[in-house]
Amino acid sequence: MKAGCKIAAMAAALMILAAVVLYSGRTVTAAADGQITGTIKLDGQAPHLKPIDMSKDPSCAKTGSGGPAAGESVVVGPNGGLANVVVYISQGLTGNEPIASQPVKIEQKGCQYVPHVVAINVGQHLSVLNDDKTAHNIHPEPKPGGGNIPWNKSQMEGSPAIDVTWSTPEVAIPVKCNIHPWMHAYIAVVKGPYGVSSNAGAFKLDNVPPGTYTLTAWHETYGTQTQTVTVAAGKPATADFSFKAK
Amino acid sequence: MAGKIFAVLVVLVTLATAYCVIAHVWWMPIDISLHGPKIDQQLEETMWVAGLLFIAGQIVLAAFVFLYGGAKSRTKQIPGGAKYLVIFAFAIVGLEVLGLSVVGSKAWGAVYFEAPDPNSLHIDVQAGQFAYYFRYPGPDGTFGALHPELISEANQNYFGLDIDHDADAKDDIVTAEIAIPVNKPILLTLHSKDVGHSFDVRELRVQQDFVPGLVIPIHFTATQTGRFEIVCTQLCGLGHYNMKAYLNVLSQADYEEWLKKQAAMQ
Amino acid sequence: MDHSELAVAQDGAPVEVLRREHGVLMEVDPYRIDKKKLGMWIFIISDACTFAAFLFAYGYMRIGAPVWGTPFGLSSIVNGVVMTAVLLSSSLTMLAAVRAAQTDNKNSAKKWLGATMLLGAIFAALHLREWVRLIDEGWRLFYNPTGGAAQFGATFFSVTGLHLTHVVTGVIALAFVTRGYNQGRYDQGHVETAGLYWHFVDLVWMFVFPLMYLMNAH
Amino acid sequence: MAETTAHAAVHHAPPQGFIRKYIFSIDHKVIGIQYTTLSLVAAFIGMVLSWAMRIHLAWPNAHIPILGWLSPNGAPGGVMTPEYYLSLMTMHGTIMAFFVLTAAPMAGYGNFMLPIQVGAADMAFPRLNMASFWVTFIGFLLACATFFIPDGPPLSGWTAYAPLSAVGSVAGPGQGWGQNLWGLSIALFCVASLLGSLNFIVTTLDLRTKGMKLSRMALSTWAWFINAWVSLLAFAVLLPTCLLLVLDRLAGTSFFIPGGLVFNDQLQPHSGGSPLLFQHLFWFFGHPEVYIIILPAFGIVSHIMPTFIRKPLVGGWKVITFAEIAVGTLSFVVWGHHMFVSGMSPYMAMVFSVPTLFITIPSVIAVLVWVFSLYGANIRFDTPLLYSLGFISLFITGGIGGFFLAQPSTDSYLHATSFVVGHFHFTMGLSAIFATFAGFYYWFPKMFGRMLNEKLGKLHFWLSFIGVYCVFITMQLTGMTGAVRRYSALVDDFMVPLLPAYRFMTIAALLLGAAQLIFLYNAIWSRFKGPKAPDNPWGATTLEWDTTSPPPFDNFGGRQLIVYHGPMQYDGEKSEMQTSPAPSIAGT
C-alpha cells in the first residue's frame, strides 16, 4: 500500500517535471523566433488639436500639468513619428500562437487613459486601474454582434482594478468615460504578436515564427495600412509605415 | 405620562426646527441676480406664513395632548364645533394661499413672463452625459448650425459643428466653463444632446431643466462678480452627481480677456 | 357566483325592499344596481381613462409633429365606414339579445348573441385586413414610409390594437356567456353585463374612428 | 336563521386544504394578511436599500466587505458604484411607493377590514380579489428580479423620466432589462390596483348590511372607498404610460424619445417623441398617487382616534369625509406642480400652482379636525393612538413644506433639492407609515387573535418618532442650501460642507431602522406567543369589533347584523356598538 503511494507520487512528480520542461522548452523555442520592427511616420502636417479643458471636474484639473492637456487623436513625435498605431499580423498565423501571459494595464491618470491605445490578445487579461481622486466610468463599445460584449462600469477612487478579457479579435474597441467625456482610449484585440508605436513612431513585434505575413497598422484617425513581410528564423525583419495627413 | 412625554417631544422638535430656520443654520447662498431678490422675498414671506402655521399646529397639538390625558367620565366638544374650524381653514388659510398665489405669480412673472432684453449676450448651452459645454457665437455674432451626427467627443466636437463647410461655425467658441460680464443681460439657450438635465445656479436663483428635443431660453442678469457652480439637478445617469460646470461672472474687461484666451484655444 | 334577490316584506304599510347576500339582509341603496353590473360600470370608467390616455398621447404626438402621415384613401375610409356600420349593428343585435334575455326568451337571446359575435368577428377581420394593407405599404410601429412623423404607426397600431384587443376579448367573453347562459349557469344579468361591455367597446370606436381614420384621410 | 346559515354555507363554504385556505384563498381576510405580509417584506427590503444608500452617502469610498459580497457587480471590493447607488434609490422608491405605501394601508388593511366594517361576508368579487393579490405578487417578484440580472436594477428613479428610461442601454448601466422588468412590474401593479379598486367600490356600494347607511360607515371604510375611486382613475393612466414606455424600449416606437439624440457619439434612430408627454402622463398618475397613499392614512387615523380619545371627531363623519373627497378630487388637477422647471409653459405653471395651494384647505381642515377633537377628550395613550398623534405631527411638518413647493417662484429654487425629499418623506412616506403602524397595533388583535406587547410597542414608537425627525427634518432643512437630491456623493463645492449633517442623518437612519427590529420581534413573537385577544380589546364600536378575534370564515357566523348608528358612539368611558339598538350617545 505504502509502496503504491510512493510510486504514484513519483509518477506524478515526473509528469509535472515533464510538463514544466515541455512548457519552458516551448518558450525557449519561441524566443528563438524572429522579430518585426519598424517605425511609423506621419506624412504631412499634424492637424490642429484643441487642448482639453478639464475644468468640469476640479480634481482632474488639479492633477493635470497646469495648462490644459493636449488632444490625443493624433500624437506626433519629434521626427514625424506617429504614436498610438497598433501593428499586428492580420494574415499568415497558424492559429496556435500563445496568449501573452502578462495582463495589459490601462491607468486612469489625470482624467486621461494611460496609455491611450493598447493592444491585447484574445483571452489576455486587461486590468483597468483608477489613480485619480475622482470616479470614472469605463465604457468599452465593441461593435454590436461582433462577439465582444459591451459594458459600462464605474470605478470609484480606491476601487480594486477591473479585470476583463475579450473573446473575439476586434481592431479597435473604443473606450470612453461618460463622466469625463473627453476621455477616450482604444483596445485592439488581436491574435498573435502585436505592437503599439511609441512617441517616436517605433514598434516591435516579438516572437514571430519564421514565415510570410500580412502586417496591418491601424490608427484611430488615419485608418489601416497593410504590407507583406517575411520573417526568417532568428533574423529581425523590418516594416515601416507612413500615414498621409488629411 | 406618555401624553406629557409626547407633548414635550413635539415642542422640542418645533423649537429645534424653528431655531435652525431663524438662525439660518442651513440657508440660501448669496443672491447675485437681478430677479433673485423677488424670489428670496417670496421665500421669506412663505417662511413666515408657513412657519407660523407649523408652530401653531404643533403647539396646539402638544397642548391638547398634554392637557386632556387624564381619565374623565365625560368628554366635551370644542365650543362651536367644526363650523369655526372650517371657517378658519377657508378664511385664514384660504386668504393666505390666495395671497401667496397673487404675490408669488408676480415673482414668477418677473422671471418668466418677461421677454429677454434684445441686447442680451446670447450664449448657447448644451448638456450631455455628464458635462455641460458652452458656445459663444464668435466675431460674426452668428451660431453655426448643429449637426448631431457630427458630434464626436473623442475629437472634442461636442456640439456637432461642421467647421470645414460652415463659415458660421468656424469662429464659434466652445468652452467647458461659462464666463459672463457682470450687470449685462444674458440669454441662454438650453438644449440637451441625450437625456434630461438641468441648469441650476443657486446664487442666480435660476433652475431650468434641459428637455431633449426642445431649445429652452432663459435670461438673467448677474450683479456680482465671482465663480459659481452650475450643477445638474435632473437625474441623468450614473455620473449625475458629478455633472457640473463653473459660471464666472467677470468685469467687462476680464470677460473680453477671457474670451480672447478661449478663442485662441479653439 | 354570488346571488342576490329582491324580496318584499309583507309586514304592513311602508313596503320595505330587502336584499339578501350570503343569506343575510343587506342595506338597500336607492340607486343600487346588481353588483356585476356595477362592477362593469366601474371597469368601464377605468378603461375609458386608459383609452383617454392613449388618445391624449396621440393628440400630443400629432400636434407636435411637423409632418403627419395621412395614409387613408377612399378605400380605407369605406372600409372604416363598413367597420363602423358592422360594430354599430352589433350593438343593436346585443340590445336585442339583452331584451330577449330579460323576457326569458332563451332561444332568441342565443340567436342574437350569436349574431353579435359574428358581427364582432367580421369587424375584427376587416380591421386586420386594414392592418395588413398598412403593413404591406411599409407602415410600422416605428416607421413611416411616406417620410413624415414615425408616430403615425406607433399611435395608430397601439390605439386600434388596444381597441381590437377589446373586441376580440369581447367576442370570446360573449362566447363564454352564451355557453353559460345556454347551460343555465348564467342568467340574464350576465347577458346584460356583457352587453354593457360590448356597448362600451362600440362607444370607444366612435372616438377612435374619427380620430384615427377620418382625421388621417388624404 | 337556520335557513340563512344554510344559504351562506351553500355560497361560501370554508375551503378545505392548506393551499385553498392559506395560499390561493379567496377569503378577503387571508388576502388582507397576504398583502400586509408582502408589504412588510417589501418595507424591510426598501429599508435595507435605504441603509446602503445612506452609508454610501456618508462614506462614499468606504470598503464595506458585506456589500461587495452581496453585490459583486454593484459594489466591487465593497465600494459602491454611483450607478448602484442610483439603482438602490430607484428600487427603494419603487418598492416603498408601490408595494408598501400603496399596498399596505389600502390593500392590506382594506381587504381585511372593509367587508367586515360594512357587515359583508366577503368582497363583492372574491376571485378577482385573489387575482389582484397574485398579480401584485408577480409584480413584486419582477421588481425584485431586477437585482439578479447582469445589468442590475434600473437607475432612472421611481419617476422613470424619459428619455433616460426609454432609449435603452446606450444611456448607461441599469437601462437594459432591468428597466423593462420595472415597466412590466409596475404595469402588473396597475392591473392589480384597478381590480382591487373595483372590488372596493362595488363592495362598499352593494354589500352593506342592513342599516349601514353611507352616513354610518366607519371612517376608514369611507377613506378606502374614496381612495378606490382615485386609484381607479390614476392607475388607469399609469398602465398605458408603462405600456408606451415598454413599446419605446422594445418595439422601437418614439412616444417619449425626440429626434437627434446622441449617445456615445452615436445618433439614435428615434424621432418625434416628447419627454414632456411622459412627464404629463406620469404625473397625472403621480400626484394622485401621493393622495392614494395618504387618504387611507387619513381614514385609519380618523377611525382609530375616537376609540382612544373617547369622543367623536369634531364635525362628525361629514367634515372629515368631505375634506377627503375634496383632496381626492383636487388631486387630479395639480400634477403640473412637479413640472415647474421642466420647460412647460410658465403660464401653465400658474394654472397648476393655484389648485395646488388650494388643496391645502381640505388638508388643513382634516388636521384641524384631528387636533381639535383632542380638546376636552379623555385620551388613552395606547400605542395605536400614539402612532396616530405621531402621524398628525409628521403630517403638519410635511404639509408646511408644501407651501414652498406649490409656488413656481420658490420651487424654482427648491426643486430637486433634499428639501423636496424631506417634504415627501414626511407627508406621503412617514405619515403613511405611522398611520400604517397605528393600524397594525390597532387591528393586530383582530387579525391574529393575539395582543401585541404594549411596552415594546411604545418603545418602538418613541424611537421611531425621534428617529424620523432627526433624519428628515435635517434632510428638509439642508435642502435650503440647495443641496441636490439623487446625488450619490457630495462632490460639489457647496455640498461638501454638508457632510457632517449627512453623516448625522445616516447614523440616525441606521438607529431608526434598528428600532424597526423591535417591531418585527414584537409582531412575530406576539403572533405566536402573545396573550389571547378579547373580541373588543379597545372598547371600540365598529363592526369588526362585533365578532370574534380573529373573525370566523363568514365574518359574523351567519348572524344578521342591523346597524343602528354611526361609528363614533363614545363619551368618556361609555361607548355603544353600531349594532346596539340603544339610543345614540354622541349624536353621530
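Let me know the whole percent of all Cα-Cα pairs from the protein assembly as shown that are separated by more than 57 Å.
On the way: 245748 of 867903 pairs.
That tail contains 28 percent of the Cα-Cα pairs.
Sparse packing (at most 12 other Cβ atoms within 10 Å of the Cβ) combined with a DSSP loop state is found for the following GluC sites (Glu not before Pro) in region B:102-199: B:E114. The ellipsoid equivalent to the alpha-carbon distribution of region C:59-218 has semi-axes of 36, 13, 13 angstrom, derived from the gyration tensor eigenvalues as √(5λ) and listed largest first. Of interest is the spacing of the C-alpha centroids, which for region D:449-497 and region C:40-114 amounts to 52 Å. In this structure, the residue pairs whose Cα-Cα separation is over 27 Å, taken from C:K36/C:K111; B:K4/D:K318; D:K29/D:K213; D:K318/D:K455; B:K83/D:K458; D:K21/D:K532, are B:K4/D:K318; D:K318/D:K455; B:K83/D:K458. For A:V117, the residues 5 or more places off, or on other chains, whose built amide H falls under 5 Å of its own are A:Y186. Our helix-only sum for chain D, with -39,500 (n - 2.57) per DSSP H run of n ≥ 4 divided by its residues, gives a mean residue ellipticity at 222 nm of -19500 deg cm²/dmol. Sorting D:F18, D:F352 from the fewest to the most surrounding beta carbons within 10 angstrom yields D:F18, D:F352.
Run the numbers on region A:35-244 and let me know its relative contact order in percent, using alpha-carbon pairs under 8 Å that are six or more apart.
Details: 521 pairs, mean separation 64.3, N = 210.
It rounds to 31 percent for region A:35-244.
Could you tell me how many degrees, from 0 to 90 and to the nearest 10, lie between the Cα long axis of helix C:35-64 and the main elongation axis, the longest principal axis, of the Cα atoms of chain C? Between helix and principal axis, roughly 10 degrees.
Take peptides B:89-101, D:322-334 and line them up by average Cβ neighbours within 10 Å, highest first, as a rough protection proxy. The partial results should precede the final answer.
On the way: B:89-101: 17.3, D:322-334: 20.4.
So the order, starting with the most tightly packed, is D:322-334, B:89-101.
Straight-line cross-link partners of A:K105 among the lysines, defined as a Cα under 23 Å from its Cα and at least 8 positions apart when in the same chain: A:K133, A:K143, A:K153, A:K176, A:K191, A:K204.
The angle between the Cα long axis of helix D:126-145 and the main principal axis of chain D comes to about 30°, on a 0 to 90 degree scale. The C-alpha atoms of chain B define a longest principal axis, and helix B:2-22 lies at about 30 degrees to it. 3J(HN,Hα) along region D:399-406: x, 4, x, x, 4, 6, 8, 7 Hz, from the Karplus curve 6.51 cos²θ - 1.76 cosθ + 1.60 with θ = phi - 60°, whole Hz, x for Gly and Pro. Label zone of C:A175 (point 7 Å out along Cα→Cβ, amide N under 20 Å): in region C:103-134 this covers C:109-129.
Backbone geometry of region D:386-393 corresponds, through the Karplus equation with coefficients 6.51, -1.76 and 1.60 at θ = phi - 60°, to 3J(HN,Hα) couplings of 4, 5, 5, 5, x, 4, 4, 4 Hz, x marking Gly and Pro.
The mean count of C-beta atoms from other chains within 10 Å of the C-beta of residues in D:212-222, rounded to a whole number, is 1.
Take the Cα of C:V82, go 7 Å toward its beta carbon, and the backbone nitrogen atoms of region C:115-146 under 19 Å from that spot belong to C:116-137.
Between the beta carbons of D:K532 and D:L499, assuming R0 = 51 Å, the FRET efficiency works out to 0.50 to the nearest 0.05.
Across all C-alpha atoms in region B:127-233, the radius of gyration and Dmax reach 14.1, 40 Å. Put the Cα centre of region D:339-391 next to the Cα centre of region C:180-207 and the gap is 43 Å.
What is chain C's relative contact order, in percent, from Cα pairs under 8 angstrom and six or more apart in sequence? Mind dumping the intermediate values first?
Details: 222 pairs, mean separation 56.1, N = 218.
Taking the mean separation of contacting Cα pairs over the length of chain C, I get 26 percent.
The distance from the alpha carbon centre of region D:40-89 to that of region A:139-173 is 24 Å, rounded to a whole number. Cross-link partners of B:K184 among aspartates and glutamates, defined as those whose alpha carbon lies under 14 angstrom from its own and excluding same-chain residues fewer than eight positions apart: B:D117, B:D254, B:E256. So if we plug the beta-carbon distance of D:T329 and C:H218 into 1/(1 + (r/R0)^6) with R0 = 41 Å, what FRET efficiency do we get, rounded to 0.05? Plugging the Cβ-Cβ distance into 1/(1 + (r/R0)^6) gives 0.45. Summarising the amide proton neighbourhood of D:G152: residues at separation of 5 or more, or on other chains, whose placed amide H is nearer than 5 Å comprise an empty set.
Shielding of peptide C:148-159 by partners, expressed as the average count of other chain Cβ atoms within 10 Å per residue Cβ, is 4. Please list the non-local residues whose amide H lies under 5 Å from the amide H of D:R450, H modeled 1.01 Å from N, same-chain partners needing a gap of 5 or more. Amide H neighbours of D:R450, under 5 Å, 5+ apart: D:A533. Taking a straight line from the alpha carbon of A:K246, these lysines sit under 24 Å away, with near neighbours fewer than eight places off in the same chain left out: A:K41, A:K50, B:K170.
Counting pairs of alpha carbon atoms under 8 Å apart in space and at least six apart in sequence, what relative contact order in percent does chain B give? Write down the numbers at each step before the final one.
Values: 401 pairs, mean separation 50.5, N = 266.
Rounded, it is 19 percent for chain B.
Each of the peptides D:186-199, B:8-21, D:30-43 was scored by the mean count of other Cβ atoms within 10 Å over its residues; in descending order, highest first, they stand as D:186-199, D:30-43, B:8-21. Build a GNM of chain B with springs between Cα atoms under 10 Å apart, and of B:G81, B:G36, B:G237 the one that fluctuates most is B:G81. When the alpha carbon coordinates of chain D are projected onto the principal axes, the ranges are 78, 52, 49 Å, largest first.
Counting each pair of different Cα atoms once, what's the Kirkwood radius of region A:35-244 in Å, rounded to one decimal? Intermediate results must be reported in sequence, preceding the final value.
Values: mean 1/r = 0.0557 Å⁻¹.
Across region A:35-244, the inverse of the average 1/r is 18.0 Å.
Counting neighbouring beta carbons within 10 Å and listing from fewest to most, the residues C:H190, B:H197, A:H219 come out as C:H190, A:H219, B:H197. With the highest mean first, a sort of the peptides D:268-274, A:125-131 on other beta-carbon atoms found within 10 angstrom per residue produces D:268-274, A:125-131. Per residue of B:11-24, other chain Cβ atoms within 10 Å of the residue Cβ number 3 on average.
Once R0 is set to 41 Å, what does the formula 1/(1 + (r/R0)^6) return for the Cβ-Cβ distance between B:L12 and A:S55, expressed as a FRET efficiency to the nearest 0.05? Could the numbers behind the result be given before it?
Numbers: r = 46 Å, r/R0 = 1.12.
In this case the efficiency is close to 0.35.
Where a number appears in this text, it was derived from the coordinates with a stated rule and is not lab data. Nothing here was measured: the structure is a model prediction, and the numbers come from that model. Methodologically, a virtual Cβ is constructed for each residue, glycine included, from the backbone with ideal geometry; neighbour enumeration extends over all protein chains shown.
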